[in-house]
Amino acid sequence: SGQALPVATWAAVMREEIDWLKKAGAKRVRYWSGGNLYPGLLEAAAQAELQVMSDHKNPRRQATEEVLLGVHPWRPAGGPRENDVAAFARHDPAGKIVYLPDGQFSRADFAGMRRSENLGGDAGYFDFLTEGLELSLRAARADRVNVFHITVHPGEFRGGPEAARPFAVIDEWLARVIEPLVQAGKVRWATFSEMAEAFRGWEKAHPNWNPRDTSGKNDAPQTRSISTRNPATFFAVHCEAGTANPKMWDALTRFVEMADRYGAKLTLMFNPQWAEFIVPDKEQFERVKAWQKAGHEVAV
């Protein structure tokens, strides 16, 4: 199998593919993506003069390892293996490849979810992407490079053969969700290579920082006293016992989405009736756990 081939063979095949792209008009090819479990992948890519990678997932499970989710690029210390991505997830400042994570998502199988019928179609999938973008914006830090992207294929999201507006769901998502953020200066467009260049610039300015370290030891010291900080506030959402039903669940979901747009943290006050309504439904239960992971609180 390909797993047993030497690095040089992998590199030669990669160079062959790059040569075909150059024959098609490309001047320079730096980036590649995809699921692969070959431990020598990074070295082979470096030999083929590739520099930037993203979208790694386990090809057998079509899922991204949770440890690889995030918004800060890094240089993987080693290639991925079947059941071990620890080296791939660890930053090595001497690493030859810059890895661009997809973003922060509440589920690790987001890459294959666009083909799921359990999300409510294309619109439901893009609602999920909006949630991922909001999670990613909350995970962003002003002192680091932050990235987020989604991947689509040309044959997807066309709305069927009779659709008057192919890709309308993408068009509407860009207009409703992305463009306002661009206009507000909260996100900006960039190619993968531009993202990698931004990260290289950050590395030069922060030579001793680990982009994957969230312990806070790299953080700049706080200069504001506690008395000058904004007061702590909370927003309680009281879910009445008699309202544990699909209609109110939909209302609650839209309310949390609205709070996320403003970065507001909610205290979601449930009771046994709501627990009995939520827990048996796997999608609802996972969504509540995602809310908690995003910083919202569950209370009685």
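Structure notes:
- Cα gyration tensor shape for region 249-300, rounded if a/c is under 1.5, else prolate or oblate: prolate
- Accessible area in the full protein assembly, largest first, 1.4 Å probe, for VAL152, VAL7: VAL152, VAL7
- Under 30 Å from the Cα of LYS22 - lysines, other chains or at least 8 residues apart: LYS57, LYS96
- Per residue, the solvent-accessible area of the chain (1.4 Å probe, heavy atoms of protein chains only, all protein chains present) comes to 58 Å².
- With each label modelled as a point 7 angstrom along the Cα→C-beta vector, the ALA190-VAL67 pair spans 2.6 nm.
- Across the protein chains, with a 1.4 Å probe defining accessible surface, the residues LYS282, LYS27 rank LYS27, LYS282 from largest area downward.
- The chain, accessible surface, carbon-and-sulfur percent (1.4 angstrom probe): 54
- Three-way shape label, region 120-185, alpha-carbon gyration tensor, a/c 1.5: prolate
- With Cα atoms, 0 to 90° folded angle of helix 246-261 axis to the chain main axis: 60
- Crossing angle, helix 282-293 versus the chain [Cα axis fit, 0-90 degrees, rounded to tens]: 80
- Size of charge dipole - region 140-202 - debye, nearest 20, with Cβ of Lys, Arg +1 and Asp, Glu -1, no other charges: 240
- Per-residue accessible area (protein heavy atoms, 1.4 Å probe) orders GLU156, GLU194 as GLU194, GLU156, starting from the largest.
- The separation of region 177-200 from region 29-81, counted between C-alpha centres, amounts to 21 Å.
- Here's how it looks for GLU297: its modeled amide H is under 5 Å from those of LEU266, THR267, LEU268, which are all 5 or more places away or on a different chain.
- Percent of beta bridges antiparallel (DSSP, the chain, rounded to nearest 5): 25
- Share of pairwise Cα-Cα distances greater than 31 Å in the chain is 40 percent (whole percent).
- Taking label points 7 Å from Cα along the Cα-to-Cβ direction, ALA142 and ALA12 give a separation of 5.4 nm.
- Restraint check, LYS247/LYS282; LYS265/LYS289; LYS27/LYS186, Cα-Cα greater than 24 Å: LYS27/LYS186
- Calculated FRET efficiency, MET258 to LYS282, Cβ-Cβ distance, R0 = 25 Å: about 0.55 to the nearest 0.05.
- Crossing angle, helix 192-205 versus the chain [Cα axis fit, 0-90 degrees, rounded to tens]: 90
- Applying 0.36 nm per residue to the separation of ALA275 and ILE178 and subtracting their alpha-carbon distance, the gain on full extension is 31.5 nm.
The values are calculated or read from the model by the stated rules, or taken from the named source; none is laboratory data. A quick note: this is a predicted structure, and the numbers were derived from the prediction, not measured. Note: ideal-geometry Cβ built from the backbone for every residue, glycine included; neighbour counts use all protein chains shown. Heavy atoms of the whole protein, side chains included, go into the accessibility calculation; ligands, DNA and RNA do not. Shrake-Rupley method; radii C 1.70, N 1.55, O 1.52, S 1.80 Å.
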